[in-house]
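The values are calculated or read from the model by the stated rules, or taken from the named source; none is laboratory data. Predicted model, so just to flag it, every value in this text is computed and none were measured. Here the Cβ is made from the backbone with ideal geometry for all residues, glycine too, and neighbour counts use every protein chain on show.
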Amino acid sequence: MKIYNTLTRKKEEFKPIEEGKVRMYVCGPTVYNYIHIGNARPMIVFDTVRRYMEYAGYEVNYVSNFTDVDDKIIKAANEEGVTSDEISKRYIEECKKDMRDLNVLEATKHPLATEEIPGMIEMISTLIDKGFAYNKNGTVYYRTRKFSNYGQLSRKNIDDLEAGHRSILVAGEEEKEDPLDFVLWKPKKPGEPYWESPWGQGRPGWHIECSVMSKRYLGDTIDIHAGGEDLIFPHHSNEIAQSEAANGVKFSNYWMHNGFLNIDNKKMSKSLGNFFTVRDISKKYDLQVLRFFMLSAHYRSPINFSADLMEAAKNGLVRIITAVEKLDGIIPSLEEREMNESEKGLLTDLENLRIKFNSSMEDDFNTADAISAIFEMVKLANVNIDEKSSKEFAVKIKDTIVLLSDVLGIITEKEQEILDEDIEKMIEDRQNARKNKDFAKADEIRNSLLEMGIILEDTREGVKWKRA
Ligand code: AMP
Ligand code: ZN
């Protein structure tokens, strides 16, 4: 499996730290509003990376945080006249709802920054002890120049950064030793949430959160750290500086970054006001369409959001779902015979398409090509399956399409909710069949129920049933 590593700017063979296991950290959203579809891009693409790795046999420990203490959250709370806690809790729930509707799997752990303050205080203390950080009147800064590899991930020259920084010194940070130094801990301001610390009451800076949560849940060195490409600098560069200075070992072996979701060729962002929330889109489309749209491009390429491309994604998705529905409709009536030679030949074609799917995904997660392999399978099914096909042949094609779609997080078959009253009606029909000595029909109904996961038990008090 090859992954493009931002650290080396090369595609590299993936070698996990521990055989068969992946430790992966994805920077999550700051929760002060509904997420926009730009924020949804890393969620979808890295969920797909995780799903593919699981399909390839890895056990993935997937950690993704929520940043629930931040200036923007405090501002939103003040505007509404509620606590920051209320704002962050509300939007974490809303974000989780969007993630479910996008069929993004729950992370193994979704840590919250506010629940990890002791770990942050510990890491900051270690950085101070090692001379990588210093306290100036309750603000703790990281001594950026002391970390010699600072420009490695961003490929930025530290002296160019210095020139840029001199002109944009943040108010209140004049006492820094060097304009490049960044904040690890800041003192509280009136009306803001705060925690006790050795440097006085205050709150952590943004970058320290991820270093600490990654260490706590995944260990000092992890396999993959991921996020949008805007995080390369400064966020991920600062995370590396903090973690490697504090832990004394390499932080992450692979760094993955998704390209921007643009609108009119400009990055979609809250600050530019050119955004659609995931919730806005859900009013017009099933969010599966948004997921399919995102996966139609390579995760590192920019994509321009447009109504036309969403319609194209919708049509593509419908093509797959319709094929699976048709197969589901025809399969029960197909003959249970051995496959004939022509069917066996077509299964080899199917297998080759599955190989094409796998090798596209193994090549730095080329989901666009993986989707085209699924389209070819759909075509193979549409052209070759009719009422004369063998059941085995049709089932194999259908199962492959469903499985590979699921690797991309695309649901092709909605589980049908079987209502209690439908079950009871079928049991009544079975009792009537038995009364009429039509045992074949009674058995058939019992088997149909079994296929739906309903188990019957004939007792002295009558028929009882339960869901398997
Ligand atoms: P934020 O809440 O701004 O910290 O962003 C959360 C995640 O969404 C980060 O990984 C960002 O890089 C990513 N992100 C934000 N805007 C976009 C965009 N327009 N396109 C792609 N990714 C984005
Ligand atoms: Zn982060």
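Go through the range 202-287 and tell me which helices (runs of 4 or more DSSP H), entirely inside it, have 3 or more residues that are away from ligand 1 (no atom under 11 Å from the Cβ) and farther than 30 Å from residue 315 by Cα.
Working: elements: 206-218, 237-247, 278-284.
Hits in the range 202-287: 206-218, 237-247.
Of the residues 227, 205, 248, 273, which single one is in contact (Cβ under 8 Å) with a residue 40 or more places away in the chain and either within 16 Å of ligand 2 (Cβ to nearest atom) or among the small types (Gly, Ala, Ser) (or both)? If you could, list the steps in order and put the result at the bottom.
Numbers: 205 fails: in contact (Cβ under 8 Å) with a residue 40 or more places away in the chain; 248 fails: in contact (Cβ under 8 Å) with a residue 40 or more places away in the chain; 273 fails: in contact (Cβ under 8 Å) with a residue 40 or more places away in the chain.
That would be 227, the only listed residue that is in contact (Cβ under 8 Å) with a residue 40 or more places away in the chain and either within 16 Å of ligand 2 (Cβ to nearest atom) or among the small types (Gly, Ala, Ser) (or both).
Those residues that are more than 8 Å from ligand 1 (Cβ to nearest atom) and either crowded, with 24+ Cβ neighbours inside 10 Å or within 16 Å of the chain's Cα centre (by Cα) (or both), I need them from the range 16-30; list them, please.
Residues satisfying the conditions are 22, 23, 24, 25.
Just to verify a result, which residue in the range 208-226, among those that are surrounded by fewer than 23 Cβ atoms within 10 Å (Cβ to Cβ) and touching a helix residue (DSSP H, G or I) at 6+ places or on another chain (Cβ under 6 Å), is nearest to residue 27 (Cα to Cα)?
So, considering only residues that are surrounded by fewer than 23 Cβ atoms within 10 Å (Cβ to Cβ) and touching a helix residue (DSSP H, G or I) at 6+ places or on another chain (Cβ under 6 Å), the one nearest to residue 27 (Cα to Cα) is 216.
Look at residue 412 and say whether it is within 30 Å of residue 43 (Cβ to Cβ) and of a type in the set (Ser, Thr, Tyr).
Yes.
Can you name every residue in the range 31-59 that is within 12 Å of the chain's Cα centre (by Cα) and more than 16 Å from ligand 1 (Cβ to nearest atom)?
51, 52, listed by residue number.
Before we move on, is residue 90 of a type in the set (D, E, K, R), under 14 Å from the mean Cα position of the chain (by Cα) and either more than 28 Å from residue 154 (Cα to Cα) or away from ligand 1 (no atom under 13 Å from the Cβ) (or both)?
Values: of a type in the set (D, E, K, R): yes; under 14 Å from the mean Cα position of the chain (by Cα): no; either more than 28 Å from residue 154 (Cα to Cα) or away from ligand 1 (no atom under 13 Å from the Cβ) (or both): yes.
The answer is no for residue 90.
Would you call residue 427 under 42 Å from the mean Cα position of the chain (by Cα), surrounded by 14 or more Cβ atoms within 10 Å (Cβ to Cβ) and of a type in the set (A, V, I, L, M, F, W, C)?
Here the answer is no, as residue 427 does not meet what is asked.
Of everything in the range 355-365, what is on the phi < 0 side of the Ramachandran plot and crowded, with 17+ Cβ neighbours inside 10 Å? Give them in sequence order. Lay out the reasoning, then the answer.
First, pick out the residues of the range 355-365 that are on the phi < 0 side of the Ramachandran plot: 355-363.
Selection gives 356, 357, 358, 360, 361, 362.
Looking at the range 430-468, which of its residues are surrounded by 10 or more Cβ atoms within 10 Å (Cβ to Cβ), at pLDDT 85 or above and among the aliphatic types (A, V, I, L, M)?
The answer is 433, 442, 445, 449, 450, 454, 455, 456, 463.
Keeping to the range 216-250, report how many residues are more than 17 Å from residue 7 (Cβ to Cβ) and in contact with a Ser or Thr (Cβ under 7 Å, 6 or more places away or on another chain).
Of the residues in that region, 1 qualify.
Of all residues in the range 32-49, count the ones that are within 15 Å of ligand 2 (Cβ to nearest atom) and touching a strand residue (DSSP E or B) at 6+ places or on another chain (Cβ under 7 Å).
2
Of the residues in the range 430-464, how many are under 41 Å from the mean Cα position of the chain (by Cα) and either closer than 23 Å to residue 325 by Cα or not in a helix (DSSP H, G or I) (or both)?
If we filter the range 430-464 for residues that are under 41 Å from the mean Cα position of the chain (by Cα), which is where we start, we get 446-456.
Okay, now just the ones that are also either closer than 23 Å to residue 325 by Cα or not in a helix (DSSP H, G or I) (or both), so 447-456.
Matching residues across the range 430-464 total 10.
Kindly check whether there is at least one residue in the range 179-196 that is surrounded by 20 or more Cβ atoms within 10 Å (Cβ to Cβ), assigned to a strand (DSSP E or B), in contact (Cβ under 8 Å) with a residue 60 or more places away in the chain and within 16 Å of ligand 2 (Cβ to nearest atom).
yes
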